[in-house]
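The values are calculated or read from the model by the stated rules, or taken from the named source; none is laboratory data. Please read all numbers here as calculations on a predicted model, not as lab measurements. FYI the Cβ positions are ideal-geometry reconstructions off the backbone, even for glycines, and counts take in every protein chain you see.
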Amino acid sequence: MRMQSLGRPVRRILVTLPVLWVVVSVVFLLIHLVPGDPIVQMLGEGATASDISALRHAYGLDLPLGRQYANYWHGILHADLGQSLRLHDSVLHLVAQRYPYTLELTVAALLIGILIAFPAGIWSALYRNGWQDRTLGVVSLAGLSFPNFALGPILILLFSIYLGWLPVSGAGTGGVSFFTHLVLPAVTLGSGLAAVLTRMIRTAMLEELGQDYIRTARAKGLTERAVVYRHALPNALIPVLTVLGLQFGSLLSGAIVTETIFSWPGIGRLTLSAISNRDYALVQGCILAVGLTYVVVNLLTDVAYTIANPRLRV
């Protein structure tokens, strides 16, 4: 059994690595097919042909596309993601600088979504078809329908400009300042997740509360709290954990918009800047970091399955 539990993460890695390869390869091809020359953008329209040719050769952009692709993967295998065309710094260093900000924002948004969704979803299931359930249904539908690019400016207008409670943008300098700067972006990013999770938890809990073992637990005289939280909730967690794992990837991609709105110095904002500047190596490095994160999150989701339901270890 122990060997099986160890083999499951290994199999997951073997399955997800080809997916990661496909994602990076597609991004490599697409960024090279997008119209525009990054060297011309760097030097300006007044650059001479010889200057453009020399710089293109210096960055290896005059090589055939297949050779550039092979060189890129050779660099990855040697922990070298290349140099940024615009920022003139190592891609690995730039990604390492920005990645913690995006990870902190994503984790904060995930915690906000969980703290809101679990009580709301359980409460909605316990009071099925009651006014509580209908009210939460309307609120979650509004959360699903309201995009981040609309919610973010509204929160800035209300809590930063009108009330003056929280800063408008940036990441602060650490400590309390960092926390106050994190609140609005995290709420903006986590509100949509909270709406999705609330509906998912409600559905999963309703399914479990209708099972025979729940009726047996109640017939044995267990309190409603024990029935709900000790018996129904652990079994309802499996589909919820699946959604959490998938939504973590969505939060990473959604961070691009949120980071732009709040000038958050994360990898999403860096990716958007790299795309607009045709910074090939930097775009590929950012996508690779996001892809690796998604692989790790899927592995952690697998581990969480076995914790929530020990029967899955077999």
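Odds and ends about this structure:
- Meets criteria (assigned to a helix (DSSP H, G or I) and in the same structural domain as GLN247 (by TED's automatic domain parsing)) for ILE154: yes
- Helices (runs of 4 or more DSSP H) completely within region 32-145 that count 3 or more residues being free of Cβ contacts under 8 Å to residues at least 12 places away in the same chain: 49-58, 65-77, 91-126, 131-145
- Within region 218-226, the presence of a residue that is of a type in the set (A, V, I, L, M, F, W, C) and surrounded by 16 or more Cβ atoms within 10 Å (Cβ to Cβ) is excluded.
- Matching option when the condition is under 30 Å from VAL303 (Cα atoms), among the small types (Gly, Ala, Ser) and modelled with pLDDT of 85 or more, among GLY113, GLY7: GLY113
- Every condition in (1) without any contact (Cβ under 8 Å) to a residue 40 or more places away in the chain; (2) under 30 Å from ALA232 (Cα atoms) is met by PRO167 except one, and the failing one is (2).
- Checklist (1) at pLDDT 85 or above; (2) under 18 Å from the mean Cα position of the chain (by Cα); (3) in a helix (DSSP H, G or I) applied to LEU282, failing item: (2)
- Among the residues of region 207-219, at least one is in contact with a helix residue (DSSP H, G or I) (Cβ under 7 Å, 6 or more places away or on another chain), basic (Lys, Arg) and without any contact (Cβ under 8 Å) to a residue 24 or more places away in the chain.
- Every pair of residues 6+ apart whose Cβ atoms lie under 9 Å, when the first sits in region 240-251 and is surrounded by fewer than 19 Cβ atoms within 10 Å (Cβ to Cβ) while the second is assigned to a helix (DSSP H, G or I) and charged (D, E, K, R): GLY245/ASP302
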